[in-house]
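Student: Take this structure first; my questions come after.
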């Protein structure tokens, strides 16, 4: 009988999985992922498990938060609204960076960590994790 994985093993496995999913996005939709490709990614159920729409609305965001997915119902299958800070509505080319980070929460729920989100977004965009993190921090500084 095989023993179940430890929490650390499960986290490592998820991080490897999100990195592979990010690479899949880059291969299928890259190398440049802009607004129109992001909308196609959101429709691709092999990548985004549940229906998502993007709205530019800061109401549910915490101070300094750039984007956040809010469930449309009690079940993930009901879909999500990804709220993006309205500051970015005039520069849609930057929105994929923000939304890709949130897709890890959509796909994997609370078990996913910020590290998983950074791994996923960086892999999808062809950046190092440090470059991706710096891009997110730079955008956060702009709305601070």
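The values are calculated or read from the model by the stated rules, or taken from the named source; none is laboratory data. Just so we're clear, the structure is a prediction, and the values are computed from it rather than from any experiment. Here the Cβ positions follow ideal geometry from the backbone for every residue, glycine too, while neighbour counts run over all protein chains shown.
Student: Of the residues 47, 41, 33, which is in a helix (DSSP H, G or I), touching a helix residue (DSSP H, G or I) at 6+ places or on another chain (Cβ under 8 Å) and either surrounded by 15 or more Cβ atoms within 10 Å (Cβ to Cβ) or on the phi > 0 side of the Ramachandran plot (or both)?
Tutor: When all the criteria are applied, what remains is 41.
Student: Another one. With 70, 99, 105 as the choices, which residue is surrounded by 13 or more Cβ atoms within 10 Å (Cβ to Cβ) and touching a residue at least 60 places away in the same chain (Cβ under 8 Å)?
Tutor: That would be 99, the only listed residue that is surrounded by 13 or more Cβ atoms within 10 Å (Cβ to Cβ) and touching a residue at least 60 places away in the same chain (Cβ under 8 Å).
Student: Quick check on this structure: which one of 21, 37 is at pLDDT 95 or above and more than 20 Å from residue 116 (Cβ to Cβ)?
Tutor: Criteria check complete, one pass: 37.
Student: Here's a follow-up. Give all pairs with beta carbons closer than 7 Å in which a residue from the range 125-137 that is under 17 Å from residue 18 (Cβ atoms) meets a residue that is at pLDDT below 95; count only pairs at least 6 apart in sequence or on separate chains.
Tutor: As it stands, the answer is 126/30; 126/31, since those pairs meet every condition given.
Student: How about the range 70-127: which of its residues are outside any helix (DSSP H, G or I) and on the phi > 0 side of the Ramachandran plot?
Tutor: 79, 126, listed by residue number.
Student: Now, a different point. Can you tell me which residue is farthest from residue 22 (Cα to Cα) among those in the range 108-124 that are surrounded by fewer than 17 Cβ atoms within 10 Å (Cβ to Cβ) and without any contact (Cβ under 8 Å) to a residue 24 or more places away in the chain?
Tutor: The extreme case among them is 110.
Student: Continuing with this model, one more query. Considering every residue within the range 137-144, establish whether at least one is at pLDDT below 95, over 20 Å from residue 12 (Cβ atoms), over 14 Å from the mean Cα position of the chain (by Cα) and surrounded by 14 or more Cβ atoms within 10 Å (Cβ to Cβ).
Tutor: yes
Student: Is it the case, given these coordinates, that residue 54 is within 25 Å of residue 140 (Cβ to Cβ), touching a strand residue (DSSP E or B) at 6+ places or on another chain (Cβ under 7 Å) and either without any contact (Cβ under 8 Å) to a residue 60 or more places away in the chain or surrounded by 11 or more Cβ atoms within 10 Å (Cβ to Cβ) (or both)?
Tutor: So residue 54 fits the description; yes.
Student: Here is a list of conditions, (1) surrounded by fewer than 22 Cβ atoms within 10 Å (Cβ to Cβ); (2) more than 14 Å from residue 38 (Cβ to Cβ); (3) without any contact (Cβ under 8 Å) to a residue 60 or more places away in the chain, and residue 80 meets all of them except one; can you say which number that is?
Tutor: Going through the list (1) surrounded by fewer than 22 Cβ atoms within 10 Å (Cβ to Cβ); (2) more than 14 Å from residue 38 (Cβ to Cβ); (3) without any contact (Cβ under 8 Å) to a residue 60 or more places away in the chain, residue 80 breaks only (1).
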